Amino acid sequence: MWQARLDSDLVAALRKDSAVLGMSARTEIVCAASAMLRQRAAEERMARSVTDFYGDQPVPLPIGVRRARPADGGEATGAAS
């Protein structure tokens with residue numbers, strides 16, 4: 001079991017945020033926050049694994065996505081036409 005001390009400003013903000021989402025129980029709020037933290041960490045691990053795998057090489061784009069032309073000024077655009 002973990003325990004944490006939260007300052008009153010954070011508690012007030014969490015209460016407001018959880019009310020918007022229809023949550024009232026502290027356990028429910030902590031579980032939701034933990035799930036969001038885990039999801040964000042999983043996304044970061046995935047991004048790092050792609051970077052580690054490709055190194056300095058450009059990462060291939062998904063099928064249907066093409067690189068932007070230099071005049072576009074962007075990176076990647078939507079589906080190829």
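Summarising the label geometry, the points placed 7 Å from Cα in the beta-carbon direction at Ala32 and Arg48 lie 2.8 nm from one another. Each Lys and Arg adds +1 at its Cβ and each Asp and Glu adds -1 at its Cβ; summed about the Cα centre, region 8-79 shows a dipole of about 140 debye. Dividing the convex hull volume of the alpha carbon atoms of region 8-79 by its residue count gives 189 Å³ per residue.
Using R₀ = 41 Å, calculate the FRET efficiency as 1/(1 + (r/R₀)^6) where r is the Cβ-Cβ separation of Asp17 and Val59; round to 0.05.
It comes to 0.75.
Computed over the chain, the per-residue total of -39500 (n - 2.57) for DSSP H runs of n ≥ 4 gives a 222 nm mean residue ellipticity of -18000 deg cm²/dmol, rounded to 500.
Which residue, Tyr54, Leu10, Ile29, has the largest displacement toward the positive end of the dipole of the chain when charges sit on each Cβ (Lys, Arg +1; Asp, Glu -1)? Projecting each Cα onto the dipole axis, the largest value belongs to Ile29.
No value in this document is a laboratory result; all are computed from the given coordinates. The structure displayed is predicted, hence computed values, not measured ones. Cβ coordinates were reconstructed from backbone atoms using ideal geometry, including for glycine residues, and neighbour counts include every protein chain displayed.
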